[in-house]
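The values are calculated or read from the model by the stated rules, or taken from the named source; none is laboratory data. Note that the coordinates shown come from a computational prediction; the quantities given were computed from them, not determined experimentally. Heads up, the Cβs are rebuilt from the backbone with ideal geometry, glycines too, and the neighbour counts pull from every protein chain shown. Surface areas here come from the heavy atoms of the whole protein model, side chains and all, with no ligands, DNA or RNA. Shrake-Rupley method; radii C 1.70, N 1.55, O 1.52, S 1.80 Å.
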Amino acid sequence: MIQLEKACEIANIPTRIYHGLLDEVVDVNYAITIYKELKKCNAKDVKLTIFDDANHDSWTRVYDNAAIYDWMLQQKKTNTNK
């Protein structure tokens with residue numbers, strides 16, 4: 001998990017946040033808060049998905065869907081050391 005005060009450090013990294021609404025291990029409000037912090041930092045490519053019926057294991061649904069792999073393979077590293 002990223003600390004809220006460091007959110008802007010990853011604002012230029014394409015980010016997908018997935019969380020189960022019924023998660024009893026990590027509060028769903030953390031995902032919502034970090035999403036909002038990234039948006040405040042002008043993150044251009046950040047999306048939040050909350051699964052209403054998922055608990056802590058929201059990753060199974062994500063990794064069982066080919067769309068996440070398609071998205072990951074589309075990402076390109078850009079040189080930010082200019």
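How about region 44-78: which of its residues are open to solvent by 100 Å² or more (accessible area, probe 1.4 Å) and in a loop (DSSP other than H, G, I, E, B)?
Selection gives 44, 52, 53, 64, 76, 77.
Of 49, 60, which residue is hydroxyl-bearing (Ser, Thr, Tyr) and touching a residue at least 24 places away in the same chain (Cβ under 8 Å)? Please lay out each step first, then the result.
On the way: 60 fails: touching a residue at least 24 places away in the same chain (Cβ under 8 Å).
It is 49.
Could you grab me the full set of residues in region 39-56 that are within 11 Å of the chain's Cα centre (by Cα) and either more than 21 Å from residue 74 (Cα to Cα) or of a type in the set (Gly, Ala, Ser) (or both)? Give the steps one after another, and end with the answer.
So in region 39-56, the residues within 11 Å of the chain's Cα centre (by Cα) come out as 45-50.
Residue satisfying the conditions is 50 alone.
Just checking, does region 23-43 include any residue being at negative phi, touching an Asp or Glu at 6+ places or on another chain (Cβ under 7 Å) and open to solvent by 50 Å² or more (accessible area, probe 1.4 Å)? Full working, then the answer.
Filtering region 23-43 for residues at negative phi gives 23-41, 43.
Checking the rest, the ones that are also touching an Asp or Glu at 6+ places or on another chain (Cβ under 7 Å) come to none.
No; the residues of region 23-43 include none that is at negative phi, touching an Asp or Glu at 6+ places or on another chain (Cβ under 7 Å) and open to solvent by 50 Å² or more (accessible area, probe 1.4 Å).
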